Structure formats: C-alpha cells, structure tokens
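Here the structure comes first, spelled out in structure tokens, and everything after it is commentary.
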Amino acid sequence: MKSTLAVVLVMLACGSSLPLPVIAAAKADPNKVLHLSFEAADDGFDAMRTNSTYSNWVTDAIFEGLVTYDYLARPARLVPNTIVAMPEISDGGKTMTFRLKKGIYFAPDPAFKGQRRELLASDYAYTFKRLLDPNNRSVQSRVLEGKVIGLDELVAEAKKSGKFDYDKPIAGLETPDPYTLILRMKVVDPSLIYYLAKPLGGAVAREVVEHYGEAVNQHPVGTGAYMLRQYVPRSKIILEANPEYRGFVWDFKGTGSDWDKQIVKDMQGKQMPQIGRVEIAIIEEEQSRWLAFDSGQLDFEMLVPAASVKLLEKGKLKPEFANKGLRLYRFVDPGVTRTYFNFEDPTVGGYGKEKIALRRAIALSFNHQEEIDQVWFGQAIKAQGMVPPDVIGHDAAYRNSNAYDPVLANKLLDKFGYKRGADGFRSMPDGSPLKLRIHSAPKSRDYARMEIWKRSLDKIGVRAEFPVAGFADNLKSAYQCKLMMFGMGYTADIPDGMDFLEAYYSSNAYRGNNGCYKSAAFDAAFDKARLMENGPERQKLFNTMERIMEADTVHSLELWRIRNWLIQPWVKGYKTHPIMRGDWRFLDVEKGK
C-alpha cells in the first residue's frame with residue numbers, strides 16, 4: 001500500500017493533468033426542483049461552528065474549497081475546484097501554492113451593496129484565520145492548530161488583547177497577488193489537503209461576516225452552485241441556483257461499473273447545474289419519510305431499515321419494486337455508531353478502576369445483535385473499531401475486546417463494589433444511588449434502541465432513564481460535555497481514520513470530543529500518527545489508540561451501517577459519494593416529475 005503522503009504528493013504533482021470539468025455558463029432550470037428530507041435538523045450554516053452532517057450537506061453546496069472530489073472516482077480522489085490546477089508542492093511538502101481561477105463570484109447578497117464580488121486568495125486567508133480566532137470558539141479549529149507558520153502566535157496575541165488582528169500578515173498565509181495563496185506549514189501534514197475540501201475550507205467573504213455578525217450562521221454566502229433562499233429552522237431549507245455560479249460541463253469517467261455507465265450515458269455533456277431549486281424537509285420520523293418517498297414527494301431517500309424487509313431480497317430490490325423504475329444504491333457507510341461516556345460526569349466519568357469497571361460493564365451489557373436485528377433489520381454490521389471499512393487506518397483483522405458479555409459485566413460490578421439491593425438494582429460503591437441517563441431523539445429508531453438499552457441494563461442490575469430531546473438540542477449539549485451518555489453516528493469527513501479518532505483527542509474537548517476524554521497515552525499516539533505516512537507503523541498506532549480507548553472504555557462501540565438509497569426513476573446521475581455531501585449540482589431530474 002502506498003503511503004498517504006506519497007499518494008497525496010503524486011496526486012498534487014500530477015494534478016494539472018487530471019481531467020477537469022469544462023467551464024460553462026450556469027444553466028440551472030428553475031422548473032427542475034429536487035425534493036429531499038433530512039432525518040434531523042441542522043444546527044446552522046457557519047461551517048466553522050458546526051460539524052453536523054445535516055449542516056455540512058447544505059454548506060457543501062453553498063461554499064467552495066480550493067479542492068473538491070471527483071464525483072465518480074472510487075476510492076475518493078481530490079481534484080481542483082476554485083484553483084486552476086492542484087497546488088504546487090515545495091519544501092518537502094511543507095509549502096503549498098494555490099493559484100485561483102479568475103472570474104469566480106460570490107452569490108449576490110446585501111453585504112456586497114449591489115456590487116459583484118469576485119473570489120480572491122485573501123478570502124481563503126481570512127477564512128483560515130477566522131477558524132482559529134478564539135472569539136469564534138470554532139468546533140473545528142483543531143484542523144489548523146499548530147500547523148501554519150505564524151498563525152498560533154496570532155491566536156496567542158488575540159487571547160491577550162481580546163481581538164484577532166485579521167489584517168496582520170503572517171508567513172504561513174501569504175497572498176502575493178489577488179489570485180495566489182501560499183500556505184506554509186510547520187510540519188508536513190498529509191491529511192490537511194483533505195480538510196480543505198470540507199465546507200470549513202470554503203471561502204467566506206469578510207464583508208458578509210461583518211454585515212451579519214452572529215447571525216451569519218443563518219446567512220451563508222459562498223461561490224458554490226446554490227444559495228440559501230429560505231430557512232425555517234427545524235422545518236425546511238430551500239436552496240436556489242446561484243446566478244453567479246460559473247457552471248461546468250458534466251464530464252466524469254466513472255469506474256466501469258454498470259451503474260456508472262448508466263450515469264455517464266444520462267449525463268455526459270450536459271451543462272451543469274441542471275437543478276434550479278432544492279427543497280429539504282426536516283422529517284424525523286422514519287415512517288413519515290418512507291411514505292413521502294413512496295408517494296413520490298421525495299426524489300431519493302435512504303431506505304428506512306424496517307422497510308428493507310418489504311423491499312429487499314438478498315441485498316437487491318424485489319421485482320415488484322424494481323419494475324416501478326425504482327433504483328437501489330447500496331454500500332457500507334464510511335461511518336460508525338457509538339454511545340459515548342462523559343468523563344466529566346460524576347457517575348460514569350473519571351479514570352479510577354471502579355469507574356472504568358462501571359463503563360466496561362455497561363458496554364459489555366449492550367446486546368448489539370438485538371440492535372442489528374430489531375432496529376436495523378439486518379442492515380448493519382457489528383463494528384470492531386472506530387475506523388470503518390474503506391477508510392485509511394481500518395484493519396480488517398482487528399477485533400474489539402469489549403464484546404457482548406453480560407456475565408462478565410456482572411462479575412466486574414460485583415468485584416468493584418456495585419452492590420445489588422433488595423430490588424435487584426445496584427448502588428454506587430459508596431452506597432449512593434446508581435442511575436444512568438442515556439439521551440436520545442424523538443425517533444422510532446431511538447425508542448427501539450432505548451428499549452434494548454433498558455433490557456440490557458436490567459440484566460446487570462443498573463437503573464437508567466432516557467431523556468428525549470431534538471437532535472440539534474442534544475448536539476448543542478454534547479458539544480458542551482453536558483450529556484452523561486449519548487448515542488451518535490460519525491461519518492467520514494475525509495478518507496483518513498484520523499478524522500474518527502480525533503473525537504477522543506484531549507485538546508478537542510468541547511470541540512467534538514463530546515465526552516471530554518483525556519489520555520496522555522492516546523494523545524501521544526495520535527500526535528505521531530497524524531504526521532506519519534500511511535503504512536504498517538502508522539497502522540500500529542491506529543490499533544494502539546483503539547486498545548487505549550477500549551482499556552478506558554470511552555464508549556459502547558456499536559455498528560457499521562449498510563446504507564440503501566432508493567432513487568426515483570426521474571432522477572438522473574445519482575451516486576452517493578463517500579465523503580462529499582451536497583452533490584446536487586451533479587444531478588438532473590426530468591421536467592414535470
């Protein structure tokens with residue numbers, strides 16, 4: 001296997017020879033409307049303040065990073081986006097020079113006072129500085145911390161003065177002319193280029209931030225294919241084609257699969273984007289989403305697990321549904337689910353042996369097979385590690401040591417003084433009540449999971465209550481390390497396992513490390529791995545971090561999910577990308593459907 005760094009450097013060095021989308025005038029048709037649903041609400045559209053999947057889905061369509069992903073290539077491959085070619089690499093990989101395309105404009109907005117606003121290199125420099133401005137309390141500042149020459153010193157000055165000096169030049173972010181950005185790093189970081197393709201790397205105009213202030217979270221303005229037209233929090237999101245978007249001619253090669261061959265046949269040569277409007281409804285209940293799709297109100301939808309029994313047979317659509325023209329796109333999601341523990345919580349938190357024993361007993365008690373059968377109806381696999389299949393750092397031979405074992409769970413609790421009372425339920429070693437709080441959202445799937453948790457915990461004599469709140473509310477509390485236990489899915493933002501493991505890095509507490517877990521041993525392995533080329537030695541560090549998490553029992557590690565996307569016959573060009581979210585600019589729909 002080639003190293004991560006070697007692959008990236010070869011890709012960047014050869015970037016100018018990669019096939020790029022041909023620039024063309026945007027031809028979005030306002031009569032072509034795409035109807036979608038989200039199963040949970042977003043938490044706003046300021047990319048530096050959120051890492052929510054649903055927020056990223058929208059911001060990916062609004063903002064543009066310097067690089068993006070080839071729509072059809074698998075494994076995921078970076079290509080130029082707002083730059084003329086992949087960056088020039090020098091100084092052994094520590095310096096990247098990006099040369100922007102000219103004539104790219106932000107979407108019209110009152111912040112620009114009626115003037116067209118061209119994208120400049122300084123917009124990216126401002127965006128990267130803004131990510132580390134301590135006043136912004138970004139949940140994703142870790143992406144650049146300790147990496148860019150002069151940026152950490154600027155942050156330190158801001159912490160002393162209370163104000164970040166955006167106008168002060170630094171050697172690590174140089175803009176020698178309006179269309180050139182030179183990024184100079186302290187160390188080689190093979191994964192950084194991938195983060196620049198995320199919404200957090202999308203250019204933000206300073207005028208927009210200063211015009212809207214804190215309300216910029218609901219006023220995203222970018223150079224991407226779409227712009228926000230209407231936003232009703234927790235209800236609906238409407239996007240319209242950005243009239244300033246430069247457009248491109250659809251020209252992707254595919255992998256040679258029958259699916260890709262059909263996409264190329266349907267889409268080759270079209271001027272993009274075709275879709276003029278995207279309407280997103282927030283529908284948390286699974287049955288309601290399925291009924292909306294079944295009646296043609298939604299254009300594609302992730303098949304709810306309960307419906308898989310009715311629609312699928314051996315991983316394929318049953319003939320009666322395939323004959324309707326429905327299509328199925330099926331794959332193992334590059335993500336993982338787990339229920340994490342809050343290490344600052346007085347009941348389950350802490351690093352003493354008795355607290356580790358409690359967490360491990362809880363994790364050992366949970367019946368994962370019941371969840372696979374009763375919640376996911378077979379559309380999931382028991383996870384063996386945080387890094388899922390098809391992501392760098394995944395080890396197919398690795399096996400998690402905290403497997404389902406309620407007998408061992410009971411023995412652990414007995415040994416460490418969690419005594420049963422007359423009612424069969426246990427108390428803390430000091431005799432105080434033991435009661436867990438496992439938070440969830442008001443969805444049928446979560447209700448079913450909580451029932452499994454209750455049955456599992458009853459077998460080891462542990463009481464629990466199950467507070468219910470909207471996903472966005474839970475996520476806000478999670479960012480502040482306020483939830484005792486909370487089950488979350490985590491989907492790859494970049495095709496590298498560091499993206500998953502950083503959720504337990506100490507300095508990310510309150511910024512994605514929602515359990516506020518802190519381990520010097522884990523951090524040391526993480527720091528080494530993130531700067532290494534991919535290979536056997538780096539994989540050993542990945543496995544070491546997994547073992548450390550198991551020893552401290554940071555979570556109940558649960559599932560790798562199988563995703564089944566159903567696509568209506570009138571949608572053309574659909575293929576779920578493993579990393580890129582808001583890919584609606586690559587699609588088409590037949591008029592009148």
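Descriptive notes on the structure:
- Long pairs among K355/K411; K113/K270; K101/K572; K355/K528; K415/K435, criterion Cα-Cα beyond 23 Å: K113/K270; K101/K572; K355/K528
- Against the chain, whose longest principal axis is taken from its Cα atoms, helix 258-267 shows a tilt of about 40°.
- Cα shape, the stretch 80-212, gyration tensor, a/c 1.5 rule: oblate
- Relative to the longest principal axis of the Cα atoms of the chain, helix 520-529 runs at roughly 30 degrees.
- Across K236/K310; K443/K482; K129/K540; K129/K482; K419/K443, pairs whose alpha-carbon gap is larger than 26 Å: K236/K310; K129/K540; K129/K482; K419/K443
- Gyration tensor verdict on the stretch 400-518 (Cα atoms; rounded if a/c is under 1.5, prolate if a/b is larger than b/c, oblate otherwise): prolate
- Trypsin sites (Lys or Arg not before Pro) restricted to the stretch 113-150 and DSSP loop, no more than 13 other C-beta within 10 Å: K113, R116, R137
- Solvent-accessible area per residue for the chain (1.4 angstrom probe, square angstrom): 39
- C-alpha long axis of helix 536-552 to longest principal axis of the chain, angle in °: 40
The values are calculated or read from the model by the stated rules, or taken from the named source; none is laboratory data. For clarity, every value in this text was computed on a predicted model and none was experimentally measured. Positions of Cβ are generated from backbone atoms using ideal geometry, with glycine treated the same way; all protein chains shown enter the neighbour counts. For the accessible areas, the whole protein counts, side chains as well, though only heavy atoms, and no ligand, DNA or RNA atoms are used. Shrake-Rupley method; radii C 1.70, N 1.55, O 1.52, S 1.80 Å.
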